[in-house]
Amino acid sequence: EFISGAAISMLESRTSRTSKLTERHVGMLLWSLTRLTDLSYAWKLIKTSSAAGLHLDGLALGGFAGALQRRKLRLDELRLMREHCHLGAAAPIGANVCAMILAEVGRAEEAVKLLNAVGAGMAPEKD
């Protein structure tokens, strides 16, 4: 708790890219936070990192996504994918994972719309 609070404070006060807390450090801290029962610290770290201008890649987010999957928190996993895996090379992978989760939770029509939008080259909508 103390370590995550310190990291979040560093990110909130971050004024330039020369900060000592890099995407790699945030990814490692995020992985460690997924071992806690309460995932709110991990969510706060992701939100604060994004607000500080850090882009966490699939490697950084993978441990958190896996924790959500193991805990069967499918809608939280969907949220993570939609909010953080929609840029660059991760976009098609993120869209496929989102479509699978949507179908799994009974939202097949939404899954088909998402895949059609991605296939047509349009950016998928985020809830």
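The values are calculated or read from the model by the stated rules, or taken from the named source; none is laboratory data. Everything numeric here is computed off the predicted structure, so don't read it as measured data. Neighbour counts run over all protein chains shown; Cβ positions are idealised from the backbone, glycine included. For accessibility, only protein heavy atoms count, side chains too; no ligands or nucleic acids. Shrake-Rupley method; radii C 1.70, N 1.55, O 1.52, S 1.80 Å.
Restricting attention to region 66-100, which residues are hydrophobic (A, V, I, L, M, F, W, C), buried (at least 19 other Cβ atoms within 10 Å of the Cβ) and part of a helix (DSSP H, G or I)? Please lay out each step first, then the result.
Of all residues in region 66-100, those hydrophobic (A, V, I, L, M, F, W, C) come to 67-68, 73, 75, 78, 80-81, 85, 87, 89-91, 93, 95, 97-100.
Keeping just the survivors that are buried (at least 19 other Cβ atoms within 10 Å of the Cβ) gives 67-68, 78, 80-81, 85, 95, 97-99.
Selection gives Ala67, Leu68, Leu78, Leu80, Met81, Ala95, Val97, Cys98, Ala99.
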Among all residue pairs at least 6 apart or on different chains, which show Cβ distances below 7 Å where the first residue, located in region 50-75, is under 23 Å from Ala111 (Cα atoms) and the second is open to solvent by 30 Å² or more (accessible area, probe 1.4 Å)?
Gly58/Ala90; Leu61/His84; Leu68/Asp76; Arg74/Glu104; Arg74/Val105; Leu75/Val105
